[in-house]
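The values are calculated or read from the model by the stated rules, or taken from the named source; none is laboratory data. The shown structure was predicted, so the numbers you read here are calculated from the model rather than taken from an experiment. Because the Cβ atoms are built from the backbone with ideal geometry, glycine has one as well, and the counts that use them run over all protein chains shown.
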Amino acid sequence: MKRDLLSLQDLTPQEILQLCDLAKDLKSKKGARLDILKGKSIGLLFQKPSNRTRVSFEVGIWQLGGNCIYLAPQEISLGKRESASDVAKTLSRYLDALVARTNSHDDIIALGKNATVPIINGLSDLYHPCQALADIFSIQEKFGSFEDITVAYIGDGNNVCHSLLLACAMIGVNIRMASPRGYAPSQEVIDLAENYAQDKGSEISVTTDALEAVKGAQVVYTDVWTSMGQEAEARKRLKIFKKYQINTALMKGAAPDHIFMHCLPAHRGQEVTDEIIDGPHSIVFDQAENRMHIQKAVLAFLSQT
């Protein structure tokens, strides 16, 4: 039976840890050409432009011995030129797996429901599971374990925040989220994460106070204030999020050994200042590299289930 990665709910907490172990092993073989996907073709179906997602998947698929086929937005026009269900059924006849980067999470669900090959969510408006897996892997890589780790997420309660929230809750990492009023994560996602957190004994808190969220945190994380598709709100958001900038003054409250994370691309001078993103505590480019290693682990895992 085929398995998908539409959201982190498609994995168990133990499988997340297994993926981190597999990513560590694959990273140790960095650059080597393996045969895990030998003879297999993986499609990338993108409705949104991408730097890290496209390149990390293309290079990763090549390193695993597979063939990658990129399908640009204008080539498919998912939901316009052709329905998501028809696209899924057709591409299943050609491909061994499909990575989709869509505007709507409903399209991801439709692809998963109708495809007979694994579907991997490369980003939707609700979730970004591959990013969250890379984040968890990066935290483990830097601290050696997840014990006594608190993550402070500062900014918009968006797709990245949703997946990070679920990932932390599933593996027992405390997470605090600070967002302006009206821009907090989805209550439905918070409720789901709290169910996982109760099982793991971790804590989740949602606040409007960035200083409170950062206090003593080992990990401070942010994302852009205006995501793709929200450009009309950019000027308004700049004013609303001004107090949520990651800067030297805010980071004074973090733990001495803290790390700074950002999924990129970064709008320097908005959500984060240069001295933080380029500073000694920043791991943003290690984090970006780890996208490739964890995605290779996901591809290997799904190809064997």
Show the residue pairs meeting these rules: Cβ distance below 8 Å; 6+ apart or different chains; first residue within segment 51-64 and farther than 17 Å from GLY39 by Cβ; second residue hydroxyl-bearing (Ser, Thr, Tyr) and outside any helix (DSSP H, G or I). ARG54/TYR70; GLU58/TYR70
Has segment 168-175 got any residue that is farther than 16 Å from GLU203 by Cβ and touching a residue at least 12 places away in the same chain (Cβ under 8 Å)? no
Which one of these does GLY201 not meet: (1) at pLDDT below 95; (2) within 21 Å of SER7 (Cα to Cα)? (2)
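If you check LEU166, LEU192, which single one turns out to be assigned to a helix (DSSP H, G or I) and buried (at least 24 other Cβ atoms within 10 Å of the Cβ)? Before you say what the answer is, go through the steps one by one.
Details: LEU192 fails: buried (at least 24 other Cβ atoms within 10 Å of the Cβ).
Criteria check complete, one pass: LEU166.
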Quick test of your reading of the structure: GLU194 fulfils all but one of (1) over 17 Å from PHE241 (Cα atoms); (2) among the acidic types (Asp, Glu); (3) touching a residue at least 60 places away in the same chain (Cβ under 8 Å). Name the failing condition by number. (3)
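What residue, of ASP135, ASP156, is crowded, with 24+ Cβ neighbours inside 10 Å, modelled with pLDDT of 95 or more and part of a loop (DSSP other than H, G, I, E, B)? Show your work before the answer.
On the way: ASP135 fails: part of a loop (DSSP other than H, G, I, E, B).
It is ASP156.
Please return the ranges of helices (runs of 4 or more DSSP H) entirely within segment 199-305 where 2 or more residues are of a type in the set (D, E, K, R).
Details: elements: 210-214, 234-240, 248-251, 274-277, 284-304.
Ranges flagged: 234-240, 274-277, 284-304.
Name the strands (runs of 3 or more DSSP E) wholly within segment 15-127 that hold at least 2 residues that are among the β-branched types (Val, Ile, Thr), surrounded by 15 or more Cβ atoms within 10 Å (Cβ to Cβ) and at pLDDT 95 or above?
119-123
Could you check, for segment 41-60, whether at least one of its residues is outside the structural domain of ASP135 (by TED's automatic domain parsing), over 28 Å from SER104 (Cα atoms) and among the hydrophobic types (A, V, I, L, M, F, W, C)?
Checked against the condition, which is being outside the structural domain of ASP135 (by TED's automatic domain parsing), over 28 Å from SER104 (Cα atoms) and among the hydrophobic types (A, V, I, L, M, F, W, C), segment 41-60 yields no hits at all.
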For residues in segment 175-189 being polar (S, T, N, Q) and in a loop (DSSP other than H, G, I, E, B), which is surrounded by the most Cβ atoms within 10 Å (Cβ to Cβ)? SER179
Sole exception among (1) crowded, with 23+ Cβ neighbours inside 10 Å; (2) out of contact with any helix residue (DSSP H, G or I) (no Cβ under 9 Å at 6 or more places or on another chain) for GLU147, by number: (1)
